[in-house]
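Novice: Okay, here's the structure, questions in a sec.
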């Protein structure tokens, strides 16, 4: 992968390191020095290994690096991780894998403003120093369900590659606002500029005095950020409880009458082949969402 920029009057800075820092602010300063020192930066097709190399108008600056490595170098520094207790159910565990049922309203990793304990910190606490946990995929803070954690770096690398090559199958349960007419279908569209694909199967419908809802199972082929929310909202069937992409008025009624206090999205299953074994893991629907479904069922029968 290459990042390329031509030096002009608008973006000009004389020193090479300063030019990269100003024009690629997402790359950490320490990473810039490392890239130059290790020969990953070219000026006019020649490798330059001096931070203070003086540029001229018209020079072409290239950063040449593997996309994953460049993304890693561009990532902001992560807050230090602590061992902090977090309550979660363990679905499966062996020497390489820990599979948990992630509770809703718990972030998987600390952010700059995160004060509550997170999933990764909870797993560190659970490990008691016996293994080094690595997240290989993520779930949004308000999403519950099955989540796989690698217990060593090698497993993390291999599972991450499985996910990137789409050799894993991920399934979700969600409640959509509206009467979904098709029993099954496929959605292919762009989400925030990236191609996104999923398939869905209608599981059940609820009719609450004219307000209709559809429970669907989703097989996710691509893992774009907020993909499920965006694709179904674009289709006209936003996820229940999603105020950002959905119907705030309906969501308010669902909170008041049926106790839905978050987005109705649950990671129900994940399957993959690893180390000559086939793994199928599932997480039962979280109690808070099951209560909502039970109340919807009762109201539908009374209707």
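None of the figures in this text is laboratory data; all of them are computed from the coordinates on show. As the structure is a prediction and not an experimental result, all values here were calculated from the model. Cβ coordinates were reconstructed from backbone atoms using ideal geometry, including for glycine residues, and neighbour counts include every protein chain displayed.
Novice: Enter the angle in degrees (range 0 to 90, nearest 10) between the Cα long axis of helix 248-258 and the first principal axis of the Cα atoms of the chain, meaning the one along which they spread out most.
Specialist: 50
Novice: Could you sort 202-211, 271-280 so that the peptide with the highest average Cβ count within 10 Å comes first and the rest follow in order? Before the final figure, lay out each step's value.
Specialist: Working: 202-211: 14.1, 271-280: 11.6.
The packing order, highest mean first, is 202-211, 271-280.
Novice: If you average the C-alpha positions of region 279-294 and of region 99-140 separately, how far apart do those two centres end up, in angstrom?
Specialist: 20
Novice: Please give the Cα centre distance for region 157-196 versus region 203-259, rounded to the nearest Å.
Specialist: 15
Novice: Indicate, rounded to the nearest 5 percent, the antiparallel portion of the DSSP beta bridges found entirely in the chain.
Specialist: Here the share of antiparallel DSSP bridges comes out near 95 percent.
Novice: Then there is this: Take the Cβ-Cβ distance between residue 89 and residue 51 as r, set R0 to 30 Å, and report the resulting FRET efficiency rounded to the nearest 0.05.
Specialist: 0.05
Novice: Using just the C-alpha positions of region 126-279 as equal point scatterers, what log10 of I(q)/I(0) does the Debye formula give at each q in 0.13, 0.21 1/Å?
Specialist: -0.66, -1.35
Novice: Another question, if that's okay. Give me the extension gain from residue 245 to residue 184: residue separation times 0.36 nm, minus the current Cα-Cα distance, reported in nm with one decimal.
Specialist: Here the answer is 19.7 nm.
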